[in-house]
Amino acid sequence: MKWILLCLGILGSFNACQSRFPSNPISEAKDSLPPTSAELPPAEPSLDVKIGQMIMIGILKRTYLLPSDTLAEDLRAQRIGGIILFEKNIAKTASFDSLQLLIQALQAQSTIPLLISIDEEGGKVHRLKEKYGFVPMPSAAWLGKKNNLDTTYHYNLHLAKELAKLGINTNYAPAIDVAVNPNNPIIAKVERSYSSDPQLVSQHAKAAIKAHHYAGVKTIVKHFPGHGSSANDTHLGIADVSKTWKEEELVPFKSIIEAGLCDAVMTAHIVHCGLDSNCLPATLSEPIIQGILRKRLGFNGPVFSDDMQMNAISKQFGLEEAVRRAILAGVDVLVFGNNVHAQDRIPPQQLHALIKNLVISGKIPESRINESYHRIMRFKSYIPH
């Protein structure tokens, strides 16, 4: 019952944000947004519940949810902590209302409020398109070229207010990759970077984050430790940046963390043998996540994987090995979008059982699960403002 009240409280906070609009948004937004405390579960939950909170799953082509759906069963069994939405989850008619109802139905099946997430960077990474009646959202490159922080704030605020009204509480944005390689097929060439100047990237990213926070929406910056120098797309295979990555790619992450604006971080699947002598993708790399992100940059919040079904991971490692390595490296939330062929999709029940078996067999210590669980619950309880 307490968790239901918390869920309603969070939704209420989102709706309350709709009527607030700063007269001078950039100057009025706070540089540091301390967490708003909210009640956590009174007792330590079971291992099953903790593992469930680490699972972020795509829901295939569902645009509605019935209580008899297997997904609803997984939600009631607490095998899922979050949902990632895609364009295919948007109904072609009555798009806003249908998506809002879907999200409400998902939340209604879960005892612990879900993270409802989406990739809404703008430009070509834009699920909530205008053709469905949603607000326009230009690309990061367009905003970077304009180089007007009020403009960046303006577009992001309208987007974030729409996300909040829908019930989407987490956005995988902004992308804070520095456009080191102008021919990068997955970053610069598709206008996902604000600039090749890390300071400009930092400034615009902060404006975007402050706009989301004002509307009550959490952000996840990406792709750590920087995807901007790659020549290859990790959706398709390995992207080795050992000879192209630059130290300046850490600047936006450092700046946002130091400003107290970093809610969460998403890892990249890039390989850098200079940062990890085992040449593991960053998502599976303890030296990169624990050594650089946590110890060097001082980030203590949750770490999200990029989609674990991208070829840079799925074609190089078996499912069990990839999951084990990611958790041991320090990933708290494992993202499985399930945008793959039917035979390659991973049901929540299978993923949950796999992680539990890794713990029971001693391949992952339960203390590591506890760390992730508590980070995730703090993240869920934090209401940006």
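Every condition in (1) over 23 Å from S117 (Cα atoms); (2) outside any helix (DSSP H, G or I) holds for N357 except the one numbered (2). Among the criteria (1) more than 19 Å from A312 (Cβ to Cβ); (2) without any contact (Cβ under 8 Å) to a residue 40 or more places away in the chain, the one K189 does not fulfil is (1). With respect to H213, is the statement that it is within 17 Å of the chain's Cα centre (by Cα) and surrounded by fewer than 24 Cβ atoms within 10 Å (Cβ to Cβ) true? Spelling it out, H213 is indeed within 17 Å of the chain's Cα centre (by Cα) and surrounded by fewer than 24 Cβ atoms within 10 Å (Cβ to Cβ). Out of all the residues in segment 267-287, which are surrounded by fewer than 24 Cβ atoms within 10 Å (Cβ to Cβ) and not acidic (D, E)? Answer for segment 267-287, where residues must be surrounded by fewer than 24 Cβ atoms within 10 Å (Cβ to Cβ) and not acidic (D, E): C273, G274, L275, S277, N278, C279, L280, P287. Tell me yes or no: at least one residue of segment 226-243 is in contact with a Leu (Cβ under 8 Å, 6 or more places away or on another chain), surrounded by fewer than 24 Cβ atoms within 10 Å (Cβ to Cβ), basic (K, R) and farther than 25 Å from G81 by Cα. Within segment 226-243 (the criterion being in contact with a Leu (Cβ under 8 Å, 6 or more places away or on another chain), surrounded by fewer than 24 Cβ atoms within 10 Å (Cβ to Cβ), basic (K, R) and farther than 25 Å from G81 by Cα), the answer is no, since none of the residues qualifies.
Each row is one residue, and each column tells you yes or no for (1) within 18 Å of the chain's Cα centre (by Cα); (2) aliphatic (A, V, I, L, M); (3) farther than 24 Å from V125 by Cα; (4) at pLDDT 95 or above.
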residue	(1), (2), (3), (4)
I51	yes, yes, yes, yes
K61	no, no, no, yes
L65	no, yes, yes, yes
D69	no, no, yes, yes
E73	no, no, yes, yes
R76	no, no, yes, yes
F96	no, no, no, yes
L102	no, yes, no, yes
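Condition check for A231 on (1) in contact with a Pro (Cβ under 9 Å, 6 or more places away or on another chain); (2) modelled with pLDDT of 95 or more; (3) closer than 25 Å to A326 by Cβ: one failure, at (2).
Among the residues examined, V201 qualifies as hydrophobic (A, V, I, L, M, F, W, C), crowded, with 24+ Cβ neighbours inside 10 Å, more than 18 Å from the chain's Cα centre (by Cα) and assigned to a helix (DSSP H, G or I).
Each residue in segment 294-325 was checked for being assigned to a helix (DSSP H, G or I) and either crowded, with 24+ Cβ neighbours inside 10 Å or at pLDDT below 95 (or both), and 5 of them qualify.
Just so you know, in segment 78-90 the residues that are within 18 Å of V125 (Cα to Cα) and in a loop (DSSP other than H, G, I, E, B) include one that is nearest to the chain's Cα centre (by Cα), and it is F86. Residues of segment 177-206 being in contact with a His (Cβ under 9 Å, 6 or more places away or on another chain) and acidic (D, E), which ones? Result: D177, single match. How many residues, within segment 187-198, are surrounded by 20 or more Cβ atoms within 10 Å (Cβ to Cβ) and not hydroxyl-bearing (S, T, Y)? Going through segment 187-198 one residue at a time, the tally reaches 5. Set side by side, the residues D276, D306, D344 differ, and just one is in contact (Cβ under 8 Å) with a residue 12 or more places away in the chain and in contact with a Lys or Arg (Cβ under 8 Å, 6 or more places away or on another chain), which is D306. Among the residues making up segment 187-198, a single one is part of a helix (DSSP H, G or I) and out of contact with any helix residue (DSSP H, G or I) (no Cβ under 9 Å at 6 or more places or on another chain): K189.
Could you please let me know if N147 is under 20 Å from I103 (Cα atoms), of a type outside the set (V, I, T), in contact (Cβ under 8 Å) with a residue 40 or more places away in the chain and in contact with a helix residue (DSSP H, G or I) (Cβ under 8 Å, 6 or more places away or on another chain)? Spelling it out, it is not the case that N147 is under 20 Å from I103 (Cα atoms), of a type outside the set (V, I, T), in contact (Cβ under 8 Å) with a residue 40 or more places away in the chain and in contact with a helix residue (DSSP H, G or I) (Cβ under 8 Å, 6 or more places away or on another chain). For beta carbons closer than 9 Å, sequence separation of 6+ or different chains, a first residue in segment 69-85 that is within 19 Å of L163 (Cβ to Cβ) and a second that is part of a loop (DSSP other than H, G, I, E, B) and small (G, A, S), the qualifying pairs are G81/S110; I84/G337. Across segment 50-77, the number of residues qualifying as part of a loop (DSSP other than H, G, I, E, B) and among the basic types (K, R) comes to 2. Taken together, the residues in segment 332-368 that are buried (at least 20 other Cβ atoms within 10 Å of the Cβ) and under 17 Å from G301 (Cβ atoms) amount to 4. Restricting attention to segment 101-157, the residues that are part of a helix (DSSP H, G or I) and under 19 Å from D69 (Cα atoms) add up to 8.
The values are calculated or read from the model by the stated rules, or taken from the named source; none is laboratory data. Remember, it's a predicted structure, so these values are computed and weren't measured experimentally. With ideal geometry, Cβ positions are generated from the backbone for all residues, glycine too; neighbour counts draw on all protein chains shown.
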